[in-house]
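Report on the following structure.
Read-outs: derived from the displayed coordinates by stated rules, not from any lab. Computed from a predicted model, the values in this text were never measured in an experiment. Using ideal geometry, Cβ is built from the backbone for each residue, glycine included, and neighbour counts are taken over all protein chains shown.
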């Protein structure tokens, strides 16, 4: 995938995360940090929260989307982004 398309897809992915009504604002921010590849400890430091709080947020996010890993979660968002982008292009 060329860098322009990848950048557009990542931008669209961020839009989906921020408009997802299942997530609280804090959880949305946590998913963005996860998408950026931050480990829990790194994400906690970036957010100015304890590691335990970051872990609890991630657990709640995983539970809401019925996934067990960050990869599964981001995969769900990517599939949704691709499907939505495809539907928009078809109309």
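Spin-label model, residue 45/residue 76: points 7 Å from Cα along the beta carbon direction are separated by 2.9 nm. Full extension of the chain segment joining residue 14 with residue 59 gains 14.2 nm, where the gain is 0.36 nm per residue of separation less the Cα-Cα distance.
Between residue 89 and residue 36, the contour length at 0.36 nm per residue exceeds the Cα-Cα span by 16.4 nm. Look at the alpha carbon pairs under 8 Å that are at least 6 residues apart: their mean separation over the length of region 3-90 gives a relative contact order of 30 percent. Highest mean packing first, where packing is the average number of other Cβ atoms within 10 Å per residue, the peptides 42-55, 59-72, 22-35 line up as 22-35, 42-55, 59-72.
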